[in-house]
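Undergrad: Sharing a structure, written as structure tokens. Questions coming.
The values are calculated or read from the model by the stated rules, or taken from the named source; none is laboratory data. Values in this document were obtained by computation on a predicted structure and should not be read as measured data. All Cβ positions, even for glycine, are placed from backbone atoms using ideal geometry, and neighbour counts span all protein chains on display. Remember, those area values only see protein heavy atoms, side chains included, never the ligands or the DNA or RNA. Shrake-Rupley method; radii C 1.70, N 1.55, O 1.52, S 1.80 Å.
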Amino acid sequence: MVEGVSKRTTMGACVALLLVSTAAALDETPAPAAEDAAAAVIAPATPQPEAVRQTYLRLMAEKRYTEAAQIAAQLVELDRQSHGERSPQYAASLSALARAQLALGNVAAAADNFRAAIALLERAEGPASPALIEPLVGLGDAYMSNGFYPPANDAYERALLLNHAAAGFYNLEQVQILDGLSESDLALGELADANARQRAQVAIQARRTGDTQQDLVQALYKLARWYNRTGQFEASRQTWQQARAVIRKSGNPADPAQVETMIGEALSYASEGDAPTSVSTLKRALEQLDALPEPDHARRAEVLVTLGDLYVTFGRPRSAHQAYEQAWAELSAEETLSARRDEYFDRPSRITGPRLPRIVDADGREQSVIRSDSAGYAPGYVVARMVVDADGSARDMAIVESEPAGLLDQQVLKALARTAFRPRLADGTATASEDVQFRHEFRYPRTASVAPTETGPDPAPAGDKGAPIGYPTEGDDHRGD
């Protein structure tokens, strides 16, 4: 059940002895004799669970998940010793371990430990305990990672009911749960329900902060990006315009924060294939920035990079290069912006291309949802290598590794042939990049054939832009799929 803590007595002794030796190293008094050290192993005052817990939280915040999982395993053992295996504290530590395991991709172990934490809390505190919220959300996240959407939805729904009972209908703690429900509803084809979960977050912010506050603006940004990601482009534009109205109402009609709403609008037009309107919207954003009394290099670069990405998408590499070079110059104007410049330009970034399946059947055909026990599905991956030229096109694609071998290899190669990249810039000039790695992860039935398959989209003819573009949103990693 608990990965990494099966030898409980041994780990407990190791943790206590580690603390004893550390204390001895910091103290001028001699280290305890062997007999004293053995006694310290069982001394209840020696372990410090709260200090270990804070270390775990810090490591998770820093995304050092391997170390966090190791610390969480220690915390499980410390709470077992201090409070017992039926205690709420032990259940909370199991949930912490599961969260680290999930971040590491060990979904099965994470799900087991979330379920164990839920069962312990139900016995210790009853089925209505607010402490159940965290492991229920974690279990929902684990199910979502496996493509097992119906039970994910059930876990999130139960967590939301407990949240409302504990904190009321307008608390901010429910936002993570609503996001989980939105994703599971969307995966199950319930778009109206998913939209309602996202709109609820705007209503919560409006009730709590009024209609002129930054938190409300951020909630509107999030809703607008949701609409764009799910193909509801008109609703996306209306929401960006609503956010812009809130910004203007806040005081400064020329507030440069409006530029973000204009970028969002431009992307919604681009997603519908309307190149002229998307480009003109971004140019208006640049004009607004040019009117500021002081230059805003970071925002100008953001607009220029977005403009360059659109030019790449619409097959205008020369215009893209000009926009990227201008962005490079803006980010080179201040030393403090060099990290952002590298983030944009130190390696090729995938801008657009065919969507690859996350769940497939035994022949590599896409499945929308796993409706039976997800234990029958295994994680798979394909790693490809390619050259990305200065114009953002890929060539010389080859499979480096795949599991299972051959199942999605051809799909990935064909998708990369239709993928557009933002090229790497060296000293402000677009440059070809050798040995660019691309990794796609998916889930497949454990009985799947490993014979190579040609399943998947054919390469598009020259000039064919294919389906509407699903542009990446803030926080996405553009280098993978």
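Undergrad: What pairs can you find where one residue is in the range 186-210 and farther than 18 Å from GLY168 by Cα, the other is open to solvent by less than 40 Å² (accessible area, probe 1.4 Å) and not charged (D, E, K, R), and their Cβ atoms are less than 6 Å apart, with a gap of 6+ or different chains?
TA: LEU186/ALA194; ALA187/TYR149; ALA187/VAL369; LEU188/TYR149; ALA194/SER182
Undergrad: Being in a helix (DSSP H, G or I) and either within 17 Å of LEU356 (Cα to Cα) or hydroxyl-bearing (Ser, Thr, Tyr) (or both) narrows it down to one of GLN411, GLN437, so name that one.
TA: From the options GLN411, GLN437, the qualifying one is GLN411.
Undergrad: Right, ALA451: under 23 Å from SER349 (Cβ atoms) and at pLDDT below 95 or not?
TA: No.
Undergrad: Within the set of pairs 6 or more residues apart or between chains, which connect a residue that is over 18 Å from LEU304 (Cβ atoms) inside the range 270-284 to a residue that is assigned to a loop (DSSP other than H, G, I, E, B) and open to solvent by 50 Å² or more (accessible area, probe 1.4 Å) with Cβ atoms less than 7 Å apart?
TA: Note: pairs meeting the criteria are SER271/PRO468; GLU272/PRO468; GLY273/LYS465; GLY273/PRO468.
Undergrad: Let me ask you something else. What is the residue count in the range 161-201 for residues that are β-branched (Val, Ile, Thr) and either under 17 Å from GLN232 (Cα atoms) or surrounded by 20 or more Cβ atoms within 10 Å (Cβ to Cβ) (or both)?
TA: Looking only at that region, the number is 1.
Undergrad: To continue, here is another question. Does ARG208 qualify as being open to solvent by less than 30 Å² (accessible area, probe 1.4 Å), over 26 Å from ALA103 (Cβ atoms) and in a helix (DSSP H, G or I)?
TA: No: the conditions fail for ARG208.
Undergrad: Is at least one residue of the range 379-402 surrounded by fewer than 18 Cβ atoms within 10 Å (Cβ to Cβ), among the acidic types (Asp, Glu) and at pLDDT 95 or above?
TA: Checked against the condition, which is being surrounded by fewer than 18 Cβ atoms within 10 Å (Cβ to Cβ), among the acidic types (Asp, Glu) and at pLDDT 95 or above, the range 379-402 yields at least one hit.
Undergrad: Somewhere in the range 410-421, is a residue farther than 29 Å from ALA320 by Cα, open to solvent by 60 Å² or more (accessible area, probe 1.4 Å) and out of contact with any Lys or Arg (no Cβ under 7 Å at 6 or more places or on another chain)?
TA: Taking every residue of the range 410-421 in turn, none turns out to be farther than 29 Å from ALA320 by Cα, open to solvent by 60 Å² or more (accessible area, probe 1.4 Å) and out of contact with any Lys or Arg (no Cβ under 7 Å at 6 or more places or on another chain).
Undergrad: Another question about this same structure. Working only within the range 216-253, note down all residues that are over 24 Å from GLY273 (Cα atoms) and either touching a residue at least 24 places away in the same chain (Cβ under 8 Å) or of a type outside the set (A, V, I, L, M) (or both).
TA: LEU216, VAL217, GLN218, VAL246, ILE247, ARG248, LYS249, SER250, GLY251, ASN252, PRO253
Undergrad: Something else now. Kindly indicate which of GLU265, GLU260, GLU287, GLU325 is closer than 27 Å to GLY392 by Cβ and touching a Lys or Arg at 6+ places or on another chain (Cβ under 6 Å).
TA: Sole residue among the options that is closer than 27 Å to GLY392 by Cβ and touching a Lys or Arg at 6+ places or on another chain (Cβ under 6 Å): GLU265.
Undergrad: Return yes or no: is GLY231 within 23 Å of the chain's Cα centre (by Cα) and surrounded by 17 or more Cβ atoms within 10 Å (Cβ to Cβ)?
TA: Answer is no for this residue.
Undergrad: Regarding THR352, is this residue out of contact with any strand residue (DSSP E or B) (no Cβ under 8 Å at 6 or more places or on another chain) and β-branched (Val, Ile, Thr)?
TA: So THR352 does not fit the description; no.
Undergrad: Could you tell me whether the range 217-239 includes any residue that is part of a helix (DSSP H, G or I), among the β-branched types (Val, Ile, Thr), under 23 Å from GLU134 (Cβ atoms) and modelled with pLDDT of 95 or more?
TA: no
Undergrad: Right, something else. Testing VAL383 on (1) assigned to a helix (DSSP H, G or I); (2) out of contact with any Gly (no Cβ under 9 Å at 6 or more places or on another chain); (3) more than 23 Å from GLY231 (Cβ to Cβ), one condition comes back false. Which one is that?
TA: Here VAL383 meets the rest and fails (1).
Undergrad: Identify the single condition in (1) open to solvent by less than 50 Å² (accessible area, probe 1.4 Å); (2) within 13 Å of THR429 (Cα to Cα) that ALA329 does not satisfy, given that it satisfies every other one.
TA: (1)
Undergrad: Do we have any residue at all in the range 338-348 that's within 25 Å of the chain's Cα centre (by Cα) and among the hydrophobic types (A, V, I, L, M, F, W, C)?
TA: yes
Undergrad: Are there helices (runs of 4 or more DSSP H) fully within the range 252-316 with at least 2 residues that are open to solvent by 40 Å² or more (accessible area, probe 1.4 Å) and among the charged types (D, E, K, R)? List them.
TA: Ranges flagged: 275-290, 297-313.
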